[in-house]
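A short worksheet on the structure shown next.
The values are calculated or read from the model by the stated rules, or taken from the named source; none is laboratory data. Remember, it's a predicted structure, so these values are computed and weren't measured experimentally. Virtual Cβ from ideal backbone geometry, glycine too; neighbours counted across all protein chains shown. Ligands, DNA and RNA are excluded from the accessible area calculation, which covers all protein heavy atoms including side chains. Shrake-Rupley method; radii C 1.70, N 1.55, O 1.52, S 1.80 Å.
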Amino acid sequence: MPQNPPSQPQDFLRTREVGEFLSGALAGAMTKAVLAPLETIRTRMVVGVGSKNIYGSFIEIIEQQGWQGLWAGNGINMLRIIPTQAIELGTFECVKRTMTSAQEKWNQIESPKVQIGHVNINFSLSWISPVSVAGAAAGIVSTLACHPLEVLKDRLTVCPDIYPSLSIAISKIYRDGGVGAFYAGISPTLIGMLPYSTCYYFMYEKLKKSYCQTKKKKSLNRPEMLLVGAFAGFTASTISFPLEVARKRLMVGAVQGKCPPNMAAALAEVIRDEGLTGLYRGWGASCLKVVPSSGITWMFYEAWKDILLVEKRIL
């Protein structure tokens, strides 16, 4: 008798790619559930709503909206982070493996050469970092796929009186600006994502590898993953934060009635109104959210990979 076809979907669900995708989704969901209040405070400070310090913003939210205000927009945030982290981490792992494999195969054969006069040009891939390429690809792919959810989350967080529910937010944003309104701020998001995502993944992989070599061990334990991931997030966030400020201004600018036309104009507006220090307004709150989020995400991600991949002998 012929083999039963349903085994094919089961085989697909046991693949490494699916395991990494699910690990990213679960890690993102668990992290956001814990750190939602920090995300709310960070968003308000970055876009210039209310108090300019963390404690003041916290008190304002409690007084105006109660404790539940700290989780404003958390429903859409959870819906956003699950596909975002799944796509981002899944893309990173896939591209890193593909690039590493291509680099190894390319180095096994004689690299193509071009001679121009007395100059020989060797087309080698050894100078390319698979981790950096994979990090950039992960940020770009996840952003393109999930940016509308980021717009919805910010509108629900910053203006709960105008957008009291997800359905109202979707209909109002579409009515005011069409499909394009869901991609408000996409240009600075993509531009800002490149340095952030590239640095973030490169730092994590580099620190993890260096630490393991120094300690002569094969892998990090959970506390070490937490610390390495946190430091990687801190470094990447600090480098790219001015672009994050511009991105948030563009995404919610229309709500406040003063939307800059582009990222350069948004940056110029911040500098004109608040000086250079304005480019890092909310940086403390951002680190307060990004640093633990990065560390916890990597810790959860590696833990879920151990469960979904190692125990099934996929790795």
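Quick notes on this one:
- Any chance residue 182 is of a type outside the set (S, T, N, Q), modelled with pLDDT of 85 or more and in contact with a helix residue (DSSP H, G or I) (Cβ under 6 Å, 6 or more places away or on another chain): yes
- Complete set of residues in region 200-221 that are within 18 Å of residue 303 (Cα to Cα), more than 22 Å from the chain's Cα centre (by Cα) and assigned to a helix (DSSP H, G or I): 212
- Some residue of region 134-141 being modelled with pLDDT of 85 or more and open to solvent by 50 Å² or more (accessible area, probe 1.4 Å): yes
- Of the candidates 190, 227, 144, 152, the single residue that is farther than 26 Å from residue 264 by Cβ and among the aliphatic types (A, V, I, L, M) is 227.
- Look at region 215-229: where a residue is β-branched (Val, Ile, Thr) and a partner is surrounded by 11 or more Cβ atoms within 10 Å (Cβ to Cβ), sitting 6+ places away or on another chain with Cβ atoms under 8 Å, you get 228/204; 228/207; 228/208; 228/211; 228/220; 228/295; 228/298.
- Single residue of 232, 236 found to be hydrophobic (A, V, I, L, M, F, W, C), within 30 Å of residue 60 (Cβ to Cβ) and open to solvent by less than 70 Å² (accessible area, probe 1.4 Å): 236
- Residues of region 14-50 classified as open to solvent by 20 Å² or more (accessible area, probe 1.4 Å) and part of a loop (DSSP other than H, G, I, E, B), total: 5
- Residue check for residue 62: of a type outside the set (Gly, Ala, Ser), over 16 Å from the mean Cα position of the chain (by Cα) and at pLDDT 85 or above: yes
- Residues that are among the acidic types (Asp, Glu) and either within 13 Å of residue 248 (Cα to Cα) or open to solvent by less than 70 Å² (accessible area, probe 1.4 Å) (or both), drawn from region 153-203: 154
- For region 142-152, the set of residues classified as open to solvent by less than 40 Å² (accessible area, probe 1.4 Å) and more than 19 Å from residue 204 (Cα to Cα) consists of 143, 146, 147, 148, 150, 151, 152, listed by residue number.
- Residue in region 94-102 that is touching a Pro at 6+ places or on another chain (Cβ under 9 Å) and modelled with pLDDT under 80 present: no
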